[in-house]
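Below you'll find the structure, written out as structure tokens, and then a few comments.
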Amino acid sequence: MDFEKPFLKLQNGNDVRGAAIATDTEPLTLTPDLVSYIAAGFLSFLEEKLGKKQDQIRIGIGRDSRITGSAVAEACIRGLGAARIYDCGMASTPAMFQSTVLEESNFDASVMITASHLPFNRNGIKFFTKDGALEKSELTQILETAARLAGQYGKEDDLALISYGMPQKEQNVETFDIVSAYSRSMQETIKRLVGTDQPLKGLHIVVDAGNGAAGFFPGQILAPLGADVSGSVYLEPDGMFPNHVPNPENKTAMKAISQATVAAGADLGVIFDCDGDRAAVVFSDGTPVNRNTLIALLAAIIKDEHPGSVVVTDSVTSDELTEFLEEKLGMKHFRFKRGYKNVIDKGIELCESGQDCELAIETSGHGAFRENYFSDDGAYLSVRIICRLAVMKREGAYISSLIDGLRQPAESEEVRFDIGDQAGDDRDFKEYGTWVLDSFREFALADPRFHIVEPNYEGIRIAFDDEQVKGWLLIRKSLHDPVLPMNIEAQAPGGVELIKDRIRPFFEKCSRLSA
């Protein structure tokens, strides 16, 4: 059996993700035995990185509300051998990273069992050290180690899955309340930013946790500081996500928090994803603040503290956002690649090169501040907004005024071309995707109405600026899937269709592409 293949198929960037429950359309890929080997691979990685023996390494383990969370956590604990293990129970992903830096815990590393907003049958693993989330190459190394261990100790069972056969060692497992430690730290941050012991008194804030792991936020962070959190919804963990997908990009989810905020007469609404590393907000009138609008708001909040600093975003942000950041706020916009780790790493890189980057944020709601270890933390992101709201309300102003002047595109659309089985020759989908992009560049160069945007760090971005249409499109390869996403925005109604008309001759010739 090829022991490496089932492990490497679980890699999704710098996360592990797979199906922890088989469905009619999806086979089981993330078994407890595979998880145990992966945990053993992580422990081996830590031994080498830290120069410590197993029984000297302190590792915290947390999970979100998924129905397979406990089983995956137990399998992970089994694979961590003789390490000193701290079972943190249900927690948010940011809390698990903070467990490596908070004085109360000070773990050498941590593990978070989560698959973010994905369907109930999926699960996954995120790994952290004091340096932050692992790099993609580091996770590959761990999975390769796991495969070697499986080849040494495992065997193939009747279901063609790998069984766990490593010798069991006596384990040292304690429980640790990381959520309380994290909440206390967040309270101190709020007090510092606002400047009083009851900084949120007089504020009414509604929270939608999407039945995920961040349901503690209103009760353990906001309410003790004076906030009224009545009207908050879906705080109880439920891994079947019965109310809506826990995703701040999802229209149904944003409608739910908008309705809850207006119904409660609240000053602000906050919504989290399942594991709490992403968030968005809504204003008191129910206006959604996510994607470009969220980036603009956060940049406006920090601009006075860090004038002229760089804001790093992913590749699908609007031209209107660039205009607001650079012309209204006097900041710099660095539009980089999709993938929250790509965005965060670029922010860190800019700082190390001597540039001032205080905010690195993806349109999905992964927002990381330099002052907070460049950790993508939905609670910290929300706290930054709430603290500014508290200060402005006392001054008789409202936070929505911070983004006055931010224009929005009149139309936007995303088209996703499936290239999984379309190559029709020896090329895999990645090679085929590259061929499509190269061919599209040649097509664009031949039409004077198409202006290729440079610099551009992902795919091909085309600007349109003529009498018929003003807007842009970006076509790129998906980070992990056999898909070519294409985003289109236009400044006037009907513009998206005009852009599609201009590119239709190219895609009609690419008969193997299917949208």
Rounded to the nearest 5, what % of the DSSP beta bridges within the chain are antiparallel ones? 60
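Suppose R0 equals 51 Å; then what is the FRET efficiency for ASP428 and LYS201 from their Cβ-Cβ distance, rounded to the nearest 0.05?
Numbers: r = 59 Å, r/R0 = 1.15.
Efficiency, rounded to the nearest 0.05: 0.30.
Can you give me the % of accessible surface on the chain that is carbon or sulfur? Probe 1.4 Å, all protein chains present, nothing else counted.
Within the chain, the accessible surface is 47 percent carbon and sulfur.
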Here, GLU144 and LYS251, labelled 7 Å along Cα→Cβ, have an inter-label distance in nm of 4.5
Net charge of neighbours whose Cβ lies under 15 Å from the Cβ of GLU170, counting Lys and Arg as +1 and Asp and Glu as -1: +2
With each pseudo-label sitting 7 Å past Cα toward Cβ, what's the GLU135-ASP404 distance in nm, one decimal? 4.6
To the nearest µm²/s, what D does Stokes-Einstein give for the chain at 20 °C and 1.002 mPa s, using the Kirkwood radius over alpha carbon pairs as Rh? 89
For LYS191, which lysines qualify as cross-link partners when the Cα separation must be under 17 Å and same-chain residues fewer than eight apart are set aside? LYS201, LYS393
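How large is the dipole of the range 234-321 about the Cα centre if only Lys and Arg carry +1 and Asp and Glu carry -1, each at its Cβ, rounded to the nearest 20 debye?
200
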Dipole moment magnitude, nearest 20 debye, the chain about Cα centre, only Lys, Arg, Asp, Glu C-beta charged: 460
So how far, in whole Å, is the C-alpha centre of the range 486-515 from the one of the range 237-301? 31
Using just the helices of the chain, give the 222 nm mean residue ellipticity in deg cm²/dmol: DSSP H runs with n ≥ 4 each add -39,500 (n - 2.57), and the total is spread over all residues, rounded to 500. -10500 deg cm²/dmol
When the chain is fully extended, how far beyond the present Cα-Cα distance does ALA463 get from GLU26, taking 0.36 nm per residue of separation? 153.4 nm
What order do LYS191, LYS169, LYS346 take when sorted by accessible area (1.4 Å probe), most exposed first? LYS169, LYS191, LYS346
Taking the alpha-carbon distance from LYS130 and a cut-off under 19 Å, which lysines remain once sequence neighbours fewer than 8 residues away in the same chain are dropped? LYS49, LYS52, LYS53, LYS341, LYS346
The chain, accessible area per residue, ligands and nucleic acids excluded (1.4 Å, Å²): 41
Solvent-accessible surface ranking, highest first, for THR196, THR189 at 1.4 angstrom: THR196, THR189
Quick one: ranking ASP466, ASP273 by accessible area, 1.4 Å probe, largest first, what do you get? ASP466, ASP273
Please compute the net charge surrounding VAL391, taking Lys and Arg as +1 and Asp and Glu as -1 over other residues with Cβ under 14 Å from its Cβ. +3
Per the charge dipole of the chain (beta-carbon charges, Lys/Arg positive, Asp/Glu negative, Cα centre), the residue among HIS306, VAL262, SER183 reaching farthest to the positive end is SER183
Separation of the ARG441 and GLN152 label points, Cα + 7 Å toward Cβ, nm: 4.5
Step through the residues of the range 328-344 one at a time and calculate ³J(HN,Hα) from phi using the Karplus curve (6.51 cos²θ - 1.76 cosθ + 1.60, θ = phi - 60°), rounding each to whole Hz and writing x for Gly and Pro. 7, 9, x, 9, 10, 10, 10, 8, 10, 9, 5, x, 4, 5, 4, 5, 5
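The values are calculated or read from the model by the stated rules, or taken from the named source; none is laboratory data. What you are looking at is a predicted structure, and each value in this text was computed from that prediction instead of being measured. When we count neighbours, we look across all protein chains shown, and the Cβ atoms used for this are built from the backbone with ideal geometry, even at glycine. Just so you know, the surface numbers come from the protein's heavy atoms only, side chains and all, with ligands and any DNA or RNA stripped out. Shrake-Rupley method; radii C 1.70, N 1.55, O 1.52, S 1.80 Å.
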